[in-house]
1. So residue B:34 clears everything in (1) assigned to a strand (DSSP E or B); (2) in contact with a Ser or Thr (Cβ under 8 Å, 6 or more places away or on another chain); (3) open to solvent by 10 Å² or more (accessible area, probe 1.4 Å) except one condition, right? Which one?
2. Taking the condition of being open to solvent by 10 Å² or more (accessible area, probe 1.4 Å), of a type in the set (Gly, Ala, Ser) and either at pLDDT 95 or above or not assigned by TED's automatic domain parsing to the domain that holds residue B:244 (or both), how many residues in the range B:291-335 meet it?
3. Please work out which one of (1) in contact (Cβ under 8 Å) with a residue 60 or more places away in the chain; (2) under 17 Å from the mean Cα position of the chain (by Cα); (3) within 14 Å of another protein chain (Cβ to nearest Cβ) is the condition residue A:148 fails and give its number.
4. Just to be sure, is residue B:230 among the small types (Gly, Ala, Ser), under 21 Å from residue B:174 (Cβ atoms) and surrounded by fewer than 21 Cβ atoms within 10 Å (Cβ to Cβ)?
5. Of the conditions (1) assigned to a helix (DSSP H, G or I); (2) among the hydrophobic types (A, V, I, L, M, F, W, C); (3) out of contact with any strand residue (DSSP E or B) (no Cβ under 9 Å at 6 or more places or on another chain), residue B:59 clears all except one; give me its number.
6. With the condition kept exactly as written, say whether any residue in the range B:316-325 is within 14 Å of chain A (Cβ to nearest Cβ), in contact (Cβ under 8 Å) with a residue 40 or more places away in the chain and part of a helix (DSSP H, G or I).
7. Could you tell me whether residue A:186 is outside the structural domain of residue A:139 (by TED's automatic domain parsing), under 15 Å from the mean Cα position of the chain (by Cα) and open to solvent by 10 Å² or more (accessible area, probe 1.4 Å)?
8. Report those strands (runs of 3 or more DSSP E) wholly inside the range B:113-171 carrying at least 2 residues which are more than 13 Å from residue B:98 (Cα to Cα) and out of contact with any Cys (no Cβ under 9 Å at 6 or more places or on another chain).
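The values are calculated or read from the model by the stated rules, or taken from the named source; none is laboratory data. Bear in mind that the values here come from a model prediction, so they are computed numbers and not experimental data. Reconstructed Cβ throughout: ideal geometry from the backbone, glycine too, with neighbour counts over all protein chains shown. These accessible areas exclude ligands, DNA and RNA; they are computed on the full protein's heavy atoms, side chains included. Shrake-Rupley method; radii C 1.70, N 1.55, O 1.52, S 1.80 Å.
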2 protein chains.
Amino acid sequence: MMNTLQVALGERSYPIYIGEDLLAESSLFSTHIRGKEVLIVTNETVAPLYLDVVKTALIDYRVEVAILPDGEQYKTLAVMQQIFDRLLEARLSRQVTIIALGGGVIGDMAGFAAACYQRGVPFIQVPTTLLSQVDSSVGGKTAVNHPLGKNMIGAFYQPQCVLADTATLNTLDDRQFSSGLAEVIKYGLINDSEFFNWLEQNMSLLIARDPAALAQAIARSCQDKATIVADDEREQGVRALLNLGHTFGHAIETGCGYGHCLHGEAIAIGMVMAADLSQRMGWLSEDKVTRIREIMLAANLPVAVPGNLTSADFMDLMSVDKKVQDGLIRLVLLRDIGQAVISDDYDAPALAETLAKFTAGY
Amino acid sequence: MMNTLQVALGERSYPIYIGEDLLAESSLFSTHIRGKEVLIVTNETVAPLYLDVVKTALIDYRVEVAILPDGEQYKTLAVMQQIFDRLLEARLSRQVTIIALGGGVIGDMAGFAAACYQRGVPFIQVPTTLLSQVDSSVGGKTAVNHPLGKNMIGAFYQPQCVLADTATLNTLDDRQFSSGLAEVIKYGLINDSEFFNWLEQNMSLLIARDPAALAQAIARSCQDKATIVADDEREQGVRALLNLGHTFGHAIETGCGYGHCLHGEAIAIGMVMAADLSQRMGWLSEDKVTRIREIMLAANLPVAVPGNLTSADFMDLMSVDKKVQDGLIRLVLLRDIGQAVISDDYDAPALAETLAKFTAGY
């Protein structure tokens, strides 16, 4: 059984296919490849698992491969240069299609490389982690990190299609899997309280990787995200809601060093911090803050800031975030579960209290 | 006196201002800057000449500066990283406007950095060479080079406006100035035979840097280019005509090593080669080939391939060019002066003869 969602972006619209064993479906690829050349970009962890099956599905094409090191710490311009080296060494033309086979890091780098190579070639996303299936599948954000800030260098660039094969989730380790759940929970918190309730009731099925529950969660997450992105492709307004937990989360990721804290883990903590601050603003009841904290714990996610980050570190790291406008940190907070808001009128003392609480080893 | 041309690209339309001493005009900048922050990207040669006057014009803004090394050999991802370093170190937000102050290399790199920083911030082009005033001013092409190919990594990204200050041409050395004339001549050859005739008659005035003649040549060149770009912003068709001389020229630049041959010099040779091949195809009379060769000489441009490049080197270097489609090299050739055509049905033996002639020390 395969679910197909359409991300509506005018002439840049594209389908997301969700189902089991899609990687072997030649026709899903060939419908979306215009030329005869393909470069598969993947990493050392994913290649042994899925590269052969994808190559077999692409038997009718000239297929070249770039295998990158695995990890967020390699999401840099310097590593992206390896993709360009491969493209040029193999003399792949402007008609090449780049296929991103891997998690969010591979999707972000291969997508950004596709945006830049010869000023833009088509690409196909094949996300193999839960996080990338529900996050980078939708939205067209591609980027690499800079030592001073995450995703600071990138492009808005839409794929030709996304293939989310749920069978690939069986090889994810528990920590990576939970990291993906953080992003799933986020959609419930932003604008879908019904989905949040469903997640509370079905978290044990999801943790057990029940295929039907997973497919449902992925499709609903992509749908929720697609609705927001379709309204605001280039992040001028409402799309910023998707950054719930991200301003705190990016500071945690940067402060701890890329690779030490998974993205989903960092934003899980960030969402709990946003809930705490929302409560201090009088917007969210203690009961709901507790539910948010408990669903993270049920998903085996952390709810405390790791390492020795101080309040001052946080303020410092948050001030380089992309959400800063004219020197003001903009945060995504919660008016309710299912009702996120973009706020720059939060209380500075309340923010200080939240930071103090979470950096004191809560 | 100031000329204003509008480049018509829908919501990405922008003006080009052409005139003397525009760098000091605060209002030209401020009309096109939305935030309070500016990063000026320039190089070691241009900074001592024009940085102060631009900074003075921007007295109402927070101004940061990135000074790069000067030369085509520095148009790389690694050098572009210095722009990102400066942006992040200075904590410039998504509201920053990047100002490219310099020639084509600075414009290409600063423009590409603007396209990528936080997935896109506004930028203003202040081209200070003749080549960049008539070429990179119009078209929105930004890029860096790869060791295996020129402009292979980049983006289509339009500026907020272009300020072409003709007074900056007085500090150009003769070789750089002639290199710009090659691009001016190109517009006449592509689709403006009247302009070509005018250039034949006024070349000595231009070489003497007569301000009125220069302003006229720059405005007409930008107009000719803008007409073509407006029809085909993302280079799907007719825009490829602008690559007249470029397939041969890029091979010369890459083959001789970036920095040894100026861009305009390389495409001057490339245009003479394209004319030679067009004659072999029976499309161009010997008389017109001679006129093309002579206008290059009158502009103090080279018409012979430098170094020890062989025919085989050419074929090899041209096969990685962006104009290659499904393995076929596409060349821009001449049906007449003022009538360029995109061709992949030229005679292979004729191409071999042209390459043999030009690599034998013609």
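1. So residue B:34 meets the others, but not (1).
2. 1
3. (2)
4. When the stated conditions are applied, residue B:230 does not pass them.
5. (1)
6. Looking for residues that are within 14 Å of chain A (Cβ to nearest Cβ), in contact (Cβ under 8 Å) with a residue 40 or more places away in the chain and part of a helix (DSSP H, G or I), one finds at least one in the range B:316-325, hence yes.
7. Numbers: outside the structural domain of residue A:139 (by TED's automatic domain parsing): yes; under 15 Å from the mean Cα position of the chain (by Cα): yes; open to solvent by 10 Å² or more (accessible area, probe 1.4 Å): no.
Taking the combined requirement at face value, the residue does not satisfy it.
8. Working: elements: B:123-127, B:141-146, B:149-156, B:161-165.
Output list reads B:141-146, B:149-156, B:161-165.
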